[in-house]
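> My questions all concern the structure below.
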Amino acid sequence: MVNVRKGIDTALANFVSGFINWNLKKGGKLADENQIKERLEVCYGCEKKGIVEPLPLVKMEGCTECDCPLATKARFTEIPVDGEVTAKKLLLSNGNQIVKCPLNKWAQIDEKYEKR
Ligand code: SF4
């Protein structure tokens, strides 16, 4: 018998680890572990948290404002630009894009960790 749940969990885990590894290889920068936790606490209390589909049939918790999965978005402070840029003002000279909450709800958290 096919274990559908296990297949879905494996697809989600593969998507998350593949996204993280690809971004790190291309020069993305990870957030501090506590910064990630604090960002996610805000997301879990946010009215925009819902379900997103980053790949066909791969559904996971995410931000419905920007359609990003929380498991990947909250982990990075910068990601390499791949294709269309969501907001030109977020572009950095190193070719990366700053990862922000689209409603600026992470501003105080990110500011706190950027000062270190
Ligand atoms: S990234 Fe911002 S808008 Fe999206 S769910 Fe998190 S707090 Fe809400």
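> For A87, only one of the following conditions fails: (1) within 15 Å of the ligand (Cβ to nearest atom); (2) more than 16 Å from E114 (Cβ to Cβ); (3) modelled with pLDDT of 90 or more. What is its number?
(3)
> Does region 74-87 contain at least one residue that is loosely packed, with under 12 Cβ neighbours inside 10 Å and aliphatic (A, V, I, L, M)?
There is at least one residue in region 74-87 that is loosely packed, with under 12 Cβ neighbours inside 10 Å and aliphatic (A, V, I, L, M).
> OK, next. Considering only residues that are small (G, A, S), in contact (Cβ under 8 Å) with a residue 24 or more places away in the chain and more than 8 Å from the ligand (Cβ to nearest atom), which ones fall in region 49-84?
Residue satisfying the conditions is A71 alone.
> A follow-up question, please. Determine which member of the set N94, N34 is more than 16 Å from the ligand (Cβ to nearest atom), under 14 Å from W106 (Cα atoms) and surrounded by fewer than 14 Cβ atoms within 10 Å (Cβ to Cβ).
Testing whether each residue is more than 16 Å from the ligand (Cβ to nearest atom), under 14 Å from W106 (Cα atoms) and surrounded by fewer than 14 Cβ atoms within 10 Å (Cβ to Cβ) leaves just N34.
The values are calculated or read from the model by the stated rules, or taken from the named source; none is laboratory data. What you are looking at is a predicted structure, and each value in this text was computed from that prediction instead of being measured. For neighbour counting, all protein chains shown are included, and Cβ atoms are generated from backbone atoms with ideal geometry for every residue, glycine included.
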